[in-house]
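The values are calculated or read from the model by the stated rules, or taken from the named source; none is laboratory data. Keep in mind it's a predicted model, so treat the numbers as computed, not measured. Here Cβ is always computed from backbone atoms with ideal geometry, including for glycine, and neighbour counts include all displayed protein chains. The area values use the complete protein model at the heavy-atom level, side chains included, leaving out ligands, DNA and RNA. Shrake-Rupley method; radii C 1.70, N 1.55, O 1.52, S 1.80 Å.
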Amino acid sequence: MCGSPSSHFKLSRSTGRVKCTVCGEIFEADDDGYDDGYDDGYDDGYGGRSAPERSGRRSRGGRNHALDRLQGPAIYMIVVACLTLVAEVGALILFIALAVDPPPDVANDPDFFLGLTVYFIAIPIGMIVSAAVLTGALKMRQGESYALALTASILSCIPCVAPCGLIGMAGGIWGLVVLLDDDVKRAFD
């Protein structure tokens, strides 16, 4: 290799080899199969000198790395949505029991039955939201549907709608931070 500061390198995607445009020397690309022009701990074939500088953000490892980054928020959201669904089913059973057999001191109180009516409306809505978050988080974990994953994260961020309230909001924010990264967006099918 000529060592010229004006050296530029071209990667042949078909052979996986790199060619210096000044001296014409051909050598193997990174051992990791991705010649990114940076010293990433592998033998780049540049003889220990640094590769040409590139502008912009550097990709950090492709689809597998992006999917790994999604695992944390996805699992967090799955756990919170499942716990919320269990709590909502339990609350629904409790309110059905109270409606069927109300305590004697509130049996004729219209406010008691108004409160039960509100709960009978709110709990199924919460269950639908929790199921949507669960579905989106499962898709996020697999990297299958960006729209569903983003919807689940947004739903988790809405106060009074998020599964488990503030606990769910934390997972939604974490999910949004990861999902809005360009490398992660590209990783979805």
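Among residues belonging to region 154-189 that are closer than 23 Å to I123 by Cβ and among the small types (G, A, S), point out the one that is most open to solvent (accessible area, probe 1.4 Å). Checking each candidate, the answer is A170. Within region 46-78, restricting attention to residues that are modelled with pLDDT of 80 or more and among the aliphatic types (A, V, I, L, M), the residue that is surrounded by the fewest Cβ atoms within 10 Å (Cβ to Cβ) is I75.
Answer with yes or no whether D105 is under 20 Å from the mean Cα position of the chain (by Cα) and over 19 Å from S130 (Cα atoms). Judged against the criteria, D105 is not a match.
Scanning region 144-189 for residues that are hydroxyl-bearing (S, T, Y) and in contact with a Gly (Cβ under 6 Å, 6 or more places away or on another chain) yields T151, S153, S156.
Pairs are defined by a Cβ separation below 6 Å, a sequence spacing of at least 6 or placement on different chains, a first member in region 109-127 that is within 17 Å of C160 (Cβ to Cβ) and touching a residue at least 24 places away in the same chain (Cβ under 8 Å), and a second member that is in a helix (DSSP H, G or I) and open to solvent by less than 70 Å² (accessible area, probe 1.4 Å); the pairs so defined are Y119/F95; I123/E88; I123/A91; I123/L92; G126/E88; M127/E88.
For region 79-103, filtering for residues that are charged (D, E, K, R) and in a helix (DSSP H, G or I) leaves 1.
Of all residues in region 133-149, those that are surrounded by fewer than 19 Cβ atoms within 10 Å (Cβ to Cβ) and farther than 15 Å from L67 by Cβ total 3.
Taken over region 79-90, the criterion of being of a type in the set (A, V, I, L, M) and open to solvent by less than 30 Å² (accessible area, probe 1.4 Å) is satisfied by V80, A81. Scanning region 151-176 for residues that are part of a helix (DSSP H, G or I) and in contact (Cβ under 8 Å) with a residue 40 or more places away in the chain turns up A152, S153, S156, I167, G168, A170, G171, G172, W174, G175.
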